[in-house]
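Below is one structure; the comments refer to it alone.
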Amino acid sequence: MHSNHLLLEEPIRMASILEPSKASFFPAMTKIVGTLGPRSRSVDVISGCLKAGMSVARFDFSWGDCDYHQETLENLKAAVKSTKKLCAVMLDTVGAEMQVVNKSEKAISLQQDDVVTLTPDEGQEATSQVLPINFAGLAKAVKTGDTIFIGQYLFTGSETTSVWLEVDKVEGVDVVCKIKNSATLAGALFTLHASQIHIDLPTLTDKDKENISTWGVRNKIDFLSLSYTRHAEDVREAREFLSKLGDLSQTQIFAKIENVEGLTHFDEILQEADGIILSRGNLGIDLPPEKVFLFQKAALYKCNMAGKPAVVTRVVDSMTDNLRPTRAEATDVANAVLDGSDAILLGAETLRGLYPVETISIVGKICAEAEKVFNQDLYFKKTVKYVGEPMTHLESIASSAVRAAIKVKASVIICFTSSGRAARLIAKYRPTMPVISVVIPRLKTNQLRWSFSGAFEARQSLIVRGLFPMLADPRHPAESTSATNESVLKVALDYGKTSGVIKSHDRVVVCQKVGDASVVKIIELED
């Protein structure tokens, strides 16, 4: 282990806690997904977010139209160009989301013990007595005594901006509810969540399909975040839909687990999806509070063992309005890292929060500190044991590369890959040093034109913990004699040196294919 990597099981010296954190070329190995919106769509703010450590930009289609998101994306491209920081694009679907329709956008004040009626008649104006909703089937789905939550952009968890309702009676298509806490709903979008109730809405709505086939195709999205994934079939349907959209056949699907239904079918969903987003906002409402941490730990463990990226949401809600997170939130971010998450997703904090750049920066610093005490040794043994024997060829190479890198205290692992799979497998074993994934583009043709693949694969590693991509010159194939790879290796080493991760006399572990064989070699750098 590096000398500065203490394990939590060891006594942590107070002096090490008081030492200032060191800056490095990447804020943390754990990635940060930022949602771009009203407060974070100018080139300046996005540039600040990229420099602070955002590596994936999320576009939430629950609100805002394609033109609005396109403007934001053009600004993101300009920011990427000026900061020279790679950033992937994630489209977040609306899915089976119920919303209160507040056309006037006036604040609505609700008083405890009063009664409010939820109606599918969207023509009515939203008031303290009537809230029109976008789903006609609610009256059929609920019964007296059921719980319904309404809040701005999911639920802040704050009792003054989110309201908790209890179903009193159903009258035709209307649902009459008793208000359990006084709250003011402000803003354009309120989400409605009926706790532990099956809502008969498709996971991929017609509106979602339209957004994906227009905006998604035009911008070659890297990730599709599939809201309200409830069954493995939801992922299969989305995959089939994407496969017909040209370039989007390579888009990775991240299943968003938001309710008990998704949790019940978690294992099958994990098998089908490319990654998982644990949407703790909704889940925290569907599950008793004392069970939320158990789900987080179990789900992250399963994702880690499957080698699929896991993303945790709702970590620093209070930073939507404040410059500092609460102590509990700071601890929560660290625990998400120690539990094994690949990335932290910021929603309202960057979308409409007052301090998007500061939020990303602070979350990155907390992640970096937690990574220093992450018990890699125990994690490695656990993963090897889980994978079992005989290991596949690739799995064996990946685990050997990580073991060698730790034994020789390598400063970095460099992995040549064309699909990105080898680099992701190395990252699965959570090495303590960064993995530079050198993606070698492949030439492909559709009989009409030739094109290079590689950009997708490079950007998709931006959500995996510890993976830092680099797109190589397409003239150097990944599978070749070691001679042609030397020049690519030199470029990768130079990149490592300029970014400050590699110094003279450091050891570097290189993982590459030579002919049919996969090779792990250790090189020691000279001056």
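Structural remarks
- Furthest towards positive pole of dipole, 90, 260, 390, structure part the chain, Cβ charges: 390
- Distance from the alpha carbon centroid of region 325-342 to that of region 200-236 works out to 29 angstrom.
- Gap separating the Cα centres of region 346-362 and region 250-274, nearest whole Å: 26
- Per residue solvent-accessible surface (Å²) - the chain, probe of 1.4 Å: 44
- Shape call, region 351-445: gyration tensor on alpha carbons, a/c limit 1.5: oblate
- The chain, helix-only ellipticity at 222 nm - DSSP H runs n ≥ 4, -39,500 (n - 2.57), divided by all residues, nearest 500: -10000 deg cm²/dmol
- Cβ-based net charge around residue 269, under 14 Å, with every Lys or Arg adding one and every Asp or Glu removing one: -3
- Stretched out straight at 0.36 nm per residue, the stretch from residue 205 to residue 112 would grow longer than its current Cα-Cα span by 30.0 nm.
- The modelled label-to-label distance between residue 178 and residue 403, using points 7 Å beyond Cα along the C-beta direction, is 6.3 nm.
- Debye log10 I(q)/I(0) for region 257-342, one point scatterer per Cα, at q = 0.26 Å⁻¹: -1.37
- Simple rule: put +1 on each Lys or Arg Cβ and -1 on each Asp or Glu Cβ in the chain, find the dipole, and look at 194, 288, 141; the Cα lying farthest toward the positive end is 288.
- Global geometry of region 169-310, whether rounded, prolate or oblate, following the gyration tensor of its Cα atoms and the 1.5 cut on a/c: oblate
- FRET E, pair residue 302, residue 389, Förster distance 22 Å, beta-carbon r, rounded to 0.05: 0.60
- For the residue pairs 409/490; 308/490; 297/503, the alpha carbons lie more than 26 Å apart in 308/490; 297/503.
- Efficiency of FRET between residue 294 and residue 521 - r from beta-carbon atoms, R0 51 angstrom, step 0.05: 0.75
- Gained length - residue 494 relative to residue 124, 0.36 nm times residue gap less alpha-carbon distance: 126.9 nm
- When you restrict to C-alpha pairs under 8 Å that are six or more residues apart and normalise by the size of region 90-206, the relative contact order lands at 36 percent.
- Carbon + sulfur, % of accessible area of region 22-94 - ligands and nucleic acids excluded, 1.4 Å: 55
- The Rg/Rh ratio of region 48-154, with both radii computed over alpha carbons and Rh defined as the Kirkwood radius, is 1.12.
- Charged side chains reduced to their Cβ positions (Lys and Arg at +1, Asp and Glu at -1) give the chain a dipole of some 2100 debye around its Cα centre.
- Region 87-177 - charge dipole about Cα centre, Lys and Arg +1 at Cβ, Asp and Glu -1, debye rounded to 20: 160
The values are calculated or read from the model by the stated rules, or taken from the named source; none is laboratory data. On a predicted model such as this, the values are computed, not experimentally measured, just so you know. Note that each Cβ is placed from the backbone with ideal geometry, even for glycine, and that neighbours are counted across all protein chains shown. Side chains are part of the model used for accessible areas, which takes the heavy atoms of the whole protein and leaves out ligands, DNA and RNA. Shrake-Rupley method; radii C 1.70, N 1.55, O 1.52, S 1.80 Å.
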